[in-house]
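This report concerns only the one structure given below.
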Amino acid sequence: MKNFFRFGLLAALLSLSGCGGDDSTVFFSVRSWGTAVFVSGDEYAYGVQSVMDDNGNAMVAWNAADRLYSRRYTASGGWDAVATRFDNAVLRVSAYTLAINPDGAGVAAWRVEETTGDFFYARRFAMASGWDAAFQRLCDNDDDGQVPGAAINAAGNILTVFSKYVASGVYARGYIPGSGWDASPTSIDASIYGSNHPQVALDDSGNGVAVWEQYDGTFTNAYARQYSAGTGWGPTISMLDDPAVNGHVNRVHIALNAWGSGVAFWDQQDGSSYKVYARRFIAGPLPGWDTVIFPIASSVSFISNLNGAVDANGNALITWVVQDGAKRKLFARAYSPANGWDASAAMISDPRLDLDVEAAFFALDGKGNGLAVWSQDSETNPAVYSREYAARTGWSSRIQKVYEYPAGYGGEVSSLYLTPRGKALVVLTSYDLPAYSTSRLLAILSR
């Protein structure tokens, strides 16, 4: 509040003095970060994810030694004393996903590898009370598969999606408060080839969209199918990418806002170039996909760290990391209903730092204001940086250092979560240099 007041007072004084009358002038408050706290023990943690509700309660989850762990933070009591194991594996857990709504209700879905086959499970949680006692088995046979997807809306409705190798298809299973889980999974796509990495998003009316990649014998393409509350999955499976563009889709993502508008985006390569595309999903009486498949980025260098989000007004923003000259840098491109996609991409990372961007994340809050966080060079000058984004005016000129590793340590950012009210949680890895003999997770909350 003090920072906001100072910037607001400065804006008023400049305006009165004739130096700040331009309506395009933007004053960004400086985000205040708390102290970094170790949330894991000395273990190799991977698949790090984090969630946070609008009351300031948070959770960090990770995979370590083929088991899933979480550590919870409450605004009233701080971090739990110890981490909680939340999976049910006997042999190993190989992949999982985590989702939460603004009120703190959430769900985790994961794949268990056992001697009798691979299975998908889900478990609900509440930030106020922790993990539900029950485990829900999502699939009813021993087909193996890929990373599951999960989404939960403001009403607590859950939709999970997962793919199976043996059955070569994509399946879904939902949960409704008061009614429980669907009696069995629903097949939403079948193919003689493999379907991978399904993701799903839900709006506040219970309508959703699932996306996935599927090989057709020549190329890997992006597909989608709509879900309507009360009637189930629609009859049409849409191919998202342009069939005239040859190449393999690596990973397709989907983001929806509370009203059902959103964007799908994916990276695609053809052997000589790497590209990012986006396609908007339009809500309304007859929801469906925009006819325009927009080329977000193109490079001869590998594109990674693809992130994106959409706000309540339909504004969207996509970020990615790519080799640009001698270094890897973070870029972004925004969309607004009034102006369409930006004419060109904006570089978000600091060009003055002669360091590679090694990991990056981006998220939007409920008002369309955003935050990008990234790490540059995990060994030479290891630090994590952030940059604020305003819905109406774009990127701040200020790049803030969130965390600087002490001498003898390095690491990189592992996850970011931004609540609808703008509270942020950043999780980092930390390891000793140059031996890499210890590894822990650090969590930093915005004040």
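Only the coordinates and a few stated rules stand behind these numbers; no lab work does. Note that the structure is a prediction, hence the values are computed from the model and not measured. Reconstructed Cβ throughout: ideal geometry from the backbone, glycine too, with neighbour counts over all protein chains shown.
Key figures for this structure:
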read-out: Point-to-point label distance, Arg398-Asp204, nm (Cα→Cβ direction, 7 Å offset); value: 3.1
read-out: Relative exposure of Val93, Val245, Val200, judged by other C-beta atoms within 10 Å (fewest first); value: Val245, Val93, Val200
read-out: In nm, spacing of pseudo-spin labels at Thr35 and Leu433 (7 Å Cα→C-beta vector); value: 2.5
read-out: The chain, helix-only ellipticity at 222 nm - DSSP H runs n ≥ 4, -39,500 (n - 2.57), divided by all residues, nearest 500; value: -1000 deg cm²/dmol
read-out: The chain, relative contact order in percent, only Cα pairs under 8 angstrom and at least six apart counted; value: 11
read-out: Lys, Arg +1 and Asp, Glu -1 on Cβ, resulting dipole of the stretch 347-420 about Cα centre, debye, nearest 20; value: 500
read-out: Ellipsoid semi-axes in whole angstrom, largest first, where each is sqrt(5λ) of the Cα gyration tensor of the chain; value: 33, 27, 23
read-out: Furthest towards positive pole of dipole, Ser261, Ile237, Tyr215, structure part the chain, Cβ charges; value: Ser261
read-out: Cα-centre dipole for the stretch 37-148 with unit charges at Cβ (Lys and Arg positive, Asp and Glu negative), debye to 20; value: 320
read-out: Amide H within-cut-off set for Ser40, under 5 Å, with H built and near neighbours excluded; value: Leu441
